[in-house]
Amino acid sequence: MATLSKTLSIKSDGSISTQVTQPSGEYIRLDDNLKVPMEGKFVQLKHWDELDKGDNDDPYPEMFNPGCGLITKDPNGDVYDYVALPDEWQWFLWNFWKWASQNRLPEGKIESFYKREDNFRTFARATPGSLTYVYVDMVEAHRAFTEAGSPEAGNRDVVTKRNLTAKKNYEWLYNPTGGAMVKVLRTIGSEYEIEALDTLLPPPTVEEVIAKPWLYFWCTQWDKFKGATRFPQIKNANEVHGLPPAGIPSPLLSLGGKIRVKKSSCIPMVNGQAWSPYRGI
């Protein structure tokens, strides 16, 4: 894997100096040229238009929610959506996105905080083009996977050391996005039971997860003009370094290691076939 050949320098005013990091080696997108594993039963979650959704003009996170056929219940049978993410799983996200950015981005840091005119929360500005930028933007309030229980609302984020005395960790939405490839464990009537990571347990290593590509998905956003396209976080960070655009994945999380989805909300996949999480990109 390529490493950084120079160090990114950020001036005191937040602008980028002339010594921008230039990664060595060819950049190969991790969300391109994907193939279905040769063993196991796999299906692809339908995109919003295939579920009669997604009539929005601007890109909007293509969240696969109960209205799309997703069923999330913990081992006690209680339905969940946003879940306070344990410390070790917050660090898993950081390390997972470090892998997803191919170790090309400097770590960076939170540079400053600010208020928005239309929001009472305190938001963070991170080093442009850094892994911290990617992380902060993904877990920020009102993004795809975070809402009221965000770091900006005072919830605990151990990675960026925000709100460390808070009683509750920030909350993460345990939903995939449309276009995800998932592995079927068994069929239960009109539903598939699919495999997911279990945050009731300590996280596995990143290497263990990427060896099972059905345990993570490439995040998609939908608009009626462009279709299903990639989330912009790594793409935006890459632009700072002159790197090609690339998507960002999220682990498929659950309470208990299994979730269910309506069979009618899925498309069968063939072992060994080429596939893409996007459409119209």
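The values are calculated or read from the model by the stated rules, or taken from the named source; none is laboratory data. Small disclaimer: the values here were computed from a predicted structure and weren't measured. Cβ coordinates were reconstructed from backbone atoms using ideal geometry, including for glycine residues, and neighbour counts include every protein chain displayed.
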Query raised in the report: Restricting attention to region 129-150, which residues are over 16 Å from the mean Cα position of the chain (by Cα) and surrounded by fewer than 19 Cβ atoms within 10 Å (Cβ to Cβ)?
Result: Ala148
Requested in this report: Taking only region 105-122 into account, find how many residues are modelled with pLDDT of 95 or more and either surrounded by 13 or more Cβ atoms within 10 Å (Cβ to Cβ) or within 15 Å of Val139 (Cβ to Cβ) (or both).
Outcome: 6
Query raised in the report: Within region 132-177, how many residues turn out to be in a helix (DSSP H, G or I), in contact with a Lys or Arg (Cβ under 6 Å, 6 or more places away or on another chain) and within 22 Å of Asn95 (Cβ to Cβ)?
Result: 2
Query raised in the report: Any residue at all in region 70-79 that is within 18 Å of Glu147 (Cβ to Cβ) and either free of Cβ contacts under 8 Å to residues at least 40 places away in the same chain or among the acidic types (Asp, Glu) (or both)?
Result: yes
Report summary line: Inside region 21-53, the number of residues satisfying the requirement of being surrounded by fewer than 16 Cβ atoms within 10 Å (Cβ to Cβ), assigned to a loop (DSSP other than H, G, I, E, B) and either of a type in the set (A, V, I, L, M, F, W, C) or modelled with pLDDT under 55 (or both) is 3
Query raised in the report: If you go through region 202-229 one residue at a time, how many are among the acidic types (Asp, Glu) and either crowded, with 18+ Cβ neighbours inside 10 Å or in contact with a Leu (Cβ under 7 Å, 6 or more places away or on another chain) (or both)?
Result: 1
Report task. Residue by residue through region 184-196, note down the ones that are crowded, with 21+ Cβ neighbours inside 10 Å and within 21 Å of the chain's Cα centre (by Cα). Result -> Ile194, Ala196
Query raised in the report: Considering Glu207, Glu239, which residue is within 23 Å of Glu39 (Cα to Cα) and out of contact with any Gly (no Cβ under 6 Å at 6 or more places or on another chain)?
Result: Glu207
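State which residue is surrounded by the fewest Cβ atoms within 10 Å (Cβ to Cβ) when the search covers only region 241-281 and only residues that are polar (S, T, N, Q) and within 30 Å of Tyr27 (Cα to Cα).
This residue is Gln273.
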Query raised in the report: Does region 249-263 contain any residue that is more than 21 Å from Tyr82 (Cβ to Cβ) and within 20 Å of the chain's Cα centre (by Cα)?
Result: no
Query raised in the report: Quick check: anything in region 103-117 touching an Asp or Glu at 6+ places or on another chain (Cβ under 9 Å), farther than 22 Å from Ala228 by Cα and assigned to a loop (DSSP other than H, G, I, E, B)?
Result: no
